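Read the figures in this text as sums done on the coordinates, not as results from a lab. For clarity, every value in this text was computed on a predicted model and none was experimentally measured. Using ideal geometry, Cβ is built from the backbone for each residue, glycine included, and neighbour counts are taken over all protein chains shown.
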Amino acid sequence: MSTRASAARYARALLDAIVKEGNPEQVEQDLTAFDELVARTPDLQKAFANPAVPVTAKRAIVDKLVRQLNVSGPAAKLLLLLAERDRMAVLSDLVVAYRERLMEHRRIVRAEVTTAEPLAPERLAELERRLAAATGRRVTMTARVDPSLIGGTITRVGSVVYDSSIATQLEKIRETLEDRR
């Protein structure tokens, strides 16, 4: 089983348990802080990845870090479980999967809007409001500028892409004209 699939299973189980009895946002913060610590500490990465390091030593390291970072109960239990099962390699994927599941639980969707020129804040707010109405969810939106679009927008909501850019329209016209030759 891939690390992503494993991470997704751990994330789903963790969120299911936390929603009933805990603070899902705190767990996200704790897991993120732990993952960031591991990511910026090469010695920790090597210790967790090295099969020659005994699982008991890995668990002891995680236990000490959990105490130092004051990681909440559910997140601490999961981190210790990962160490006991020698599965610390799934941590980064688990954080991403947990964050995605938490957003689903909160009914939040990510949207990315790309335009040829920066949009005014009121236009961004209006677009965000319309996307929220269309999806029935709260929208977290990021805006990018790509002058190659010439005009129009490309909006990504989750995995759906709405492309009304002039560059794409011109490309379609070009393809149509080439097909008619």
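In the stretch 108-179, the alpha-carbon atoms span a convex hull of 86 Å³ per residue. Here the 3J(HN,Hα) profile of the stretch 21-28, calculated from phi with Karplus coefficients 6.51, -1.76 and 1.60 at θ = phi - 60°, is 9, x, 10, x, 5, 5, 4, 4 Hz, Gly and Pro shown as x. Our helix-only sum for the chain, with -39,500 (n - 2.57) per DSSP H run of n ≥ 4 divided by its residues, gives a mean residue ellipticity at 222 nm of -20500 deg cm²/dmol. Projecting the Cα atoms of Leu177, Pro74, Gly136 onto the charge dipole of the chain, computed from C-beta unit charges around the Cα centre, puts Pro74 farthest toward the positive end.
State the Kirkwood hydrodynamic radius of the chain in Å, one decimal place, computed from all pairs of distinct Cα atoms. Don't skip to the answer; put the middle values down first.
Working: mean 1/r = 0.0517 Å⁻¹.
Kirkwood radius, the chain: 19.3 Å.
Other residues within the sphere of radius under 14 Å centred on the Cβ of Pro51, judged by their own Cβ, net out at +3 (K and R +1, D and E -1).
Of all beta bridges that DSSP places with both ends in the chain, some 55 percent have antiparallel geometry. By DSSP, the beta bridges lying fully in the stretch 108-179 are antiparallel in about 55 percent of cases. Simple spin-label estimate for Gln68 and Arg85 gives 2.6 nm between the two label positions (7 Å along the Cα-to-Cβ direction from each Cα). Find the percent of Cα-Cα distances in the stretch 12-74 that exceed 20 Å, and round it to a whole number. Result: 37 percent of Cα pairs exceed 20 Å. The GNM of the chain, with springs linking C-alpha atoms under 10 angstrom apart, assigns the highest mean-square fluctuation among Asp163, Asp86, Asp35 to Asp163.
How high is the FRET efficiency between Thr140 and Ala49 when r is their beta carbon distance and R₀ equals 41 Å, given to the nearest 0.05? It would help to have the intermediate numbers written out before the result.
On the way: r = 33 Å, r/R0 = 0.81.
That gives a FRET efficiency of 0.80.
Count Lys and Arg as plus one, Asp and Glu as minus one, and take only other residues whose Cβ is under 11 Å from that of Val90; the net charge is then +1.
Magnitude of the charge dipole for the chain, about its Cα centre and with charges confined to Cβ atoms of Lys, Arg (+1) and Asp, Glu (-1), is about 440 debye. Net charge near Leu81, counting Lys/Arg +1 and Asp/Glu -1 over other residues with Cβ under 10 Å of its Cβ? Residues near Leu81 contribute +3 overall.
Each Lys and Arg Cβ is given +1 and each Asp and Glu Cβ -1; about its Cα centre, the stretch 77-181 then shows a dipole of about 460 debye.
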